[in-house]
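Taken together, the values in this text are just the output of simple stated rules run on the coordinates, not laboratory data. Only a predicted model underlies this, so the values are computations on that prediction, with no experimental measurement involved. Neighbour counts run over all protein chains shown; Cβ positions are idealised from the backbone, glycine included.
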Amino acid sequence: MTADSSKTERYNARAAEPKWQKAWDAAGIYATKNDDPRPKYYVLEMFPYPSGRIHMGHVRNYTMGDVVARFKRAMNMNVLHPMGWDAFGMPAENAAIDRKVHPKEWTYANIATMKKQLQSMGLSLDWAREVATCDPSYYRHQQRMFLDFLKAGLVAREYRKVNWDPVDQTVLANEQVIDGRGWRSGALVEQRDLYQWVFKISDYSQELLEALDTLDRWPDKVRLMQKNWIGRSEGLLVRFMLDAATTPSGETELEIFTTRPDTLFGAKFMAIAPDHPLAQAAAAKNPKLAAFITEAKHLGTSQEAIDTAEKMGFDTGIRAVHPLDPNWTLPVYVANFILMDYGTGAIFGCPAHDQRDLDFVNKYGLGNTPVVLPPGQDPNTFVVTDTAYDGDGTMFNSKNNVIDLNGMTPDKAFDAVANLLAATTRGNRPVAQRQVNYRLRDWGISRQRYWGCPIPVIHCDKCGVVPAPVDTLPVKLPDDVTFDKPGNPLDRHPTWKNVKCPSCGGDARRETDTMDTFVDSSWYFARFTDPWNETAPTTPAVANAWMPVDQYIGGIEHAILHLLYSRFFTRAMKKTGHIGMDEPFAGLFTQGMVVHETYRDKAGQWVEPANVTIEGMGDTRIAKLTATGEAIEIGSIEKMSKSKKNVVDPDDIIESYGADTARWFMLSDSPPERDVIWTEEGVQGAWRFVQRLWRLIGEVADVTAPEAKPASFGEDSLKLRKAAHRALNNVSDDISKLRFNRCVAHIYEFANALSDSIGSAETAPSPDFAWSLREAGDILVRLFQPMMPHLAEECWAALGHKTLVATQLWPEVETALLIESSITLPVQVNGKKRADVTVPREAGKDEIEAAVLALDEVKRALDGKSPKKVIVVPQRIVNVVV
Ligand code: ANZ
Ligand code: ZN
């Protein structure tokens, strides 16, 4: 068979892609109906922040979701695959400050650009359901839910620490504090306590923890990260009496939280948070201590800042009495690594068994006494110097006339101490009580910023906090705001905040805090189920029919906060009647990043890949600046980022190669959970494969085949049909498991088989072979349709079909064709495995025996003799007895 030259024309993605996008649009095939009776499937990719342009990470994420959506549609399911915009946030305000464009204008312009880019990718999205979280038609419902949550006791106002910039007189977000200083003013940041709105997520700590076990289609690592974040620990609250002679009047005791009461005999000091009341009391008469406390507060409020700072302490002079020994006192330090909002904001330090405590005593010369002996160590010689021992072992050095812990395991000792101190009273109260603590804090949602969802409450001097009446929602952001001064534009707006109190009618003020943007993204998946409902956030019956999301896909960077907040929010929505389930995401997949080589010029400046020409291959590759020929240094492979300029613009790729090539390459190179290295060579390889498929289908299209399926097939036909159905079976299996790179490999293999078949065919193929070729062509196109939808349509049309391949059902696999024609059996000689033998599946005992005796390994073992016996266990094993 020879290829018809008219079909060897190049596939022109630039012409074909927009054409098919229009055809899909015109046919409305991605618009999903809520009353479709077929089984539902909800696939969702994390929606983008409209930063300006899409990046390769988006391309990867959305391609994967699109493959799933297209596959499930072909499985005859009613697929929901929506898209929207996580559109509030600081970058819009920064743009307003830097470039004098209004956040709203900037955001909507970015949405328009990015929507066009996404559309050019050929994603099968239901754009009729598009939402932008910055739109009053979205955030009004969020305000309504805030009020519902408030009524249900899920919202509170709490004193919370914020980063305060004393020069700009404004609250800073954690990311605006750089090395302890305000990002604009450069002033040392202070911690301030402000009333903040919080969601009571901590009421759900235990439930959020336990339900992780039910999320069996989530990656284990994400579940573990959430578990650690919730941070359940079982410990003991212990009251230490204070030595009156050393203690400011009014203070008598210090309560601490510990998870290791077993180590009490190793205690060397007490430490309290800088804002612990006892620290404040002690500082009142001690200016040096007061200065230390002020200094410690400059760390800012982020956990990271606190964890990485050098451990520092200040001896208050106060002495605490050891609860197991009235004659033993411990110095009380104020220390920068103790947090006020965990446990009681106070600890006893046991340096031998806690690294932070050890670092601390080594700095202040307080020494250490080990009390847990690691297995195999000698109690007379074991010492701790720089590394604390936090493992299991046997208690020692832990005995006095009150209690003897020696020889116990730490667990046993924990119980012994807990029981004794719980039964001991001081001032009529037990010295200790057991307590379960969670690291998870309530979710502070107040932000002192403009570009966010206004918190719908009103402050009245007479009535206090009054909810905005529901019929006044949305509380809309004013458009006329200024960004010329630091601080919250809503605060200094001349009129916006002045309102009448809904309760007493007197003068009152609107809340000027807006919500954390994580609130916006905690329920958008529910909104997509019925974005047309103007009177309520959801239509519960509809939301319950669609939810949970069957497959959620996004980056691992959202493994903790976004997912945890969404899990909480779903529960809160359930409590307030907006939805009927606890868990929003039944299946979760976290895709890897897109990485790329980095390039630097002679001056050490980063250079964009687009300006670099690579010559040579492998180790001899060299890079040159395309414009001047200047030598460029090829650096390490890193996550694509603007700072290293190692970004490739999806638009450029789509423009030069087409969206299908970009999609194919994204899926092909590595398992989807791993990073993918973007290379020009790789993209070119994908592009060549696109062209090859186009030629191959062109050759199939040239074949005239009978309409009806032939009654029997010759050997060549069967071989091809087996390859087709094997590929079909494998791709189906791997797509449903999101193993896209393996799907790609199966399609390559099948394309090779098809191409071999065509090559070996007669000039005038038999009817059954022609039919098989056609069948193979049809299957091939439908197999790659989810990955390369435009090329698939073009090929489908070339094959003479009048339908859209995007609407075709998945081909049915003929299972009879999957049965392998040969079988491989292990061969033993005297019970020891020596070789394998491959025989036709239907081979009889004699045929198998002959094949086995012909094996070199067996001949060698027989050494010219004939075997005593050959035992053939059909389909299992062959044993030769010599
Ligand atoms: C004595 C001790 C001995 C501790 C030892 C540990 C090891 P998790 O597991 O995270 O709950 N701690 C308690 N409150 C703290 C606070 N507000 N700021 C900083 N650290 C605090 O950790 C509990 C342990 O963290 C507690 O147990 C306490 O130190 C410390 F060998 O008490 B431990
Ligand atoms: Zn009032």
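In the range 564-632, one over the average inverse separation of all distinct C-alpha pairs is 16.5 Å, which is the Kirkwood hydrodynamic radius. Comparing Trp183, Ile293, Trp664 along the charge dipole axis of the chain, the residue lying farthest to the positive side is Ile293, per the Cβ-charge model.
Might you report the magnitude of the Cβ-based charge dipole of the chain about its Cα centre, with Lys and Arg at +1 and Asp and Glu at -1, to the nearest 20 debye?
Its charge dipole is roughly 1000 debye.
Taking θ as phi - 60° and the Karplus parameters 6.51, -1.76 and 1.60, the scalar couplings of the range 653-668 work out to 5, 5, 5, 7, 10, x, 5, 4, 4, 4, 4, 4, 5, 4, 8, 7 Hz in sequence order, x denoting glycine and proline.
Summing Lys and Arg as +1 and Asp and Glu as -1 over all other residues whose Cβ lies under 13 Å from the Cβ of Tyr657 gives a net charge of -4. Computing Rg and the Kirkwood Rh from the Cα coordinates of the chain gives a ratio, Rg/Rh, of 1.06. Diffusion coefficient (Stokes-Einstein, Kirkwood radius over C-alpha pairs, 37 °C, 0.692 mPa s) for the range 416-547: 172 µm²/s, rounded to a whole number. The HN-Hα couplings worked out from phi for the range 110-116 by the Karplus form 6.51 cos²θ - 1.76 cosθ + 1.60 (θ = phi - 60°) are 5, 4, 4, 4, 6, 5, 4 Hz, whole numbers, x standing for Gly and Pro. Under 5 Å between amide hydrogens, built in the peptide plane, is the criterion, and for Gly587 it picks out Gln551, Tyr552 among residues at least 5 positions away or on other chains. Based on a Kirkwood Rh over C-alpha pairs, give the Stokes-Einstein translational diffusion coefficient of the range 298-391 at 20 °C and viscosity 1.002 mPa s in µm²/s. Estimated via Stokes-Einstein, D reaches 144 µm²/s.
Nothing charged except the Cβ atoms of Lys and Arg (+1) and of Asp and Glu (-1): what's the magnitude of the dipole of the range 378-425 about its Cα centre? Round to the nearest 20 debye. Please report the intermediate quantities before stating the final value.
Details: 2 positive and 7 negative charges, 48 e Å.
Roughly 240 debye, rounded to the nearest 20.
Magnitude of the charge dipole for the range 315-401, about its Cα centre and with charges confined to Cβ atoms of Lys, Arg (+1) and Asp, Glu (-1), is about 260 debye. Scanning residues 5 or more positions from Asp354 or on other chains, those with amide H under 5 Å from its amide H are Tyr389, with H placed 1.01 Å from N in the peptide plane. Of the residues Cys795, Asn729, Tyr138, the one whose Cα sits farthest toward the positive end of the charge dipole of the chain, with +1 on the Cβ of Lys and Arg and -1 on the Cβ of Asp and Glu, is Tyr138. Note on the range 85-238: Cα convex hull, mean projected area over all directions, 14.9 nm². By other beta-carbon atoms within 10 Å, ranking Ile455, Ile848 with the fewest at the front produces Ile848, Ile455.
With a ≥ b ≥ c taken as the square roots of the eigenvalues of the C-alpha gyration tensor of the range 214-266, please select rounded if a/c is under 1.5 and otherwise prolate if a/b is larger than b/c or oblate if it is not? Prolate is the answer for the range 214-266, as a/c is 1.5 or above and a/b outweighs b/c. Calculated on the alpha-carbon coordinates, the convex hull of the range 323-366 measures out at 101 cubic angstrom per residue. Considering only Leu330, Pro379, Gly391, and ranking their Cα positions along the charge dipole of the range 308-417 that arises from unit charges at the beta-carbon of Lys, Arg, Asp and Glu, the one farthest toward the positive end is Leu330.
Between the helical axis of 90-99 and the longest alpha-carbon principal axis of the chain there is an angle of about 90 degrees. Listed cross-link partners Lys624/Lys645; Lys602/Lys644; Lys100/Lys476; Lys845/Lys868 are compared with a 18 Å cut-off, the Cα-Cα value being larger for Lys100/Lys476.
Looking at this model, which pairs from Lys297/Lys574; Lys161/Lys462; Lys33/Lys802; Lys115/Lys575 are more than 32 angstrom apart at the alpha-carbon?
Where the Cα-Cα span goes over 32 Å, the pairs concerned are Lys297/Lys574; Lys115/Lys575.
Amide H contacts under 5 Å for Ile677: Val595, restricted to partners 5 or more places along the chain or on a different chain, H placed in the peptide plane at 1.01 Å from N.
Only Cα sites of the range 715-854 enter the Debye sum here, all with the same form factor; the resulting log10 I(q)/I(0) across q = 0.18, 0.21 1/Å is -1.04, -1.24, listed in q order.
So what's the net charge close to Phe585: Lys and Arg +1, Asp and Glu -1, counting the other residues with Cβ under 10 Å from its Cβ?
0
Ranked for footprinting exposure by Cβ neighbours inside 10 Å, fewest first, Arg447, Arg260, Arg600 give Arg600, Arg260, Arg447.
Residue by residue, the range 458-465 carries 3J(HN,Hα) couplings of 10, 9, 10, 4, 8, 9, x, 7 Hz when phi is fed to the Karplus relation 6.51 cos²θ - 1.76 cosθ + 1.60 (θ = phi - 60°); x denotes Gly or Pro. So if the hydrodynamic radius of the range 502-614 is defined as the Kirkwood radius over C-alpha pairs, what does Stokes-Einstein give as its diffusion coefficient at 4 °C and 1.567 mPa s, in µm² per second? So the translational diffusion coefficient is about 72 µm²/s.
Bridges between two residues of the chain, per DSSP, are antiparallel at a rate of about 80%. In units of the rule-of-thumb radius 2.2 N^0.38 Å, the range 218-372 shows an alpha carbon radius of gyration of 1.08. Of the GluC sites (Glu not before Pro) found in the range 557-663, those that fall in a DSSP loop while having at most 16 other beta-carbon atoms within 10 Å are Glu630.
Using the Cα coordinates of the range 1-123, the gyration tensor eigenvalues translate into equivalent-ellipsoid semi-axes of 33, 23, 12 Å, sorted from longest to shortest. As a ratio to 2.2 N^0.38 Å, the alpha-carbon radius of gyration computed for the range 809-859 takes the value 1.58. Computed over the range 69-111, the P(r) tail beyond 17 angstrom holds 50 percent of alpha carbon pairs.
Note on the range 505-552 and the range 327-349: Cα centroid distance 42 Å, given to the nearest whole angstrom. The angle between the Cα long axis of helix 410-423 and the main principal axis of the chain comes to about 40°, on a 0 to 90 degree scale. With neighbour counts taken as other beta-carbon atoms within 10 Å, the residues Cys795, Cys501 rank, fewest first, as Cys501, Cys795. Per residue, the chain reaches -10500 deg cm²/dmol at 222 nm when only DSSP H runs of four or more residues are counted, each adding -39500 (n - 2.57). Can you give the Kirkwood hydrodynamic radius of the range 47-93 from its Cα pairs, in Å with one decimal? The Cα-based Kirkwood calculation yields 12.4 Å. Remark on the range 634-712: hydrodynamic radius 15.4 angstrom, per the Kirkwood mean of 1/r across alpha carbon pairs.
Relative to the longest principal axis of the Cα atoms of the chain, the long axis of helix 561-575 makes an angle of roughly 80 degrees.
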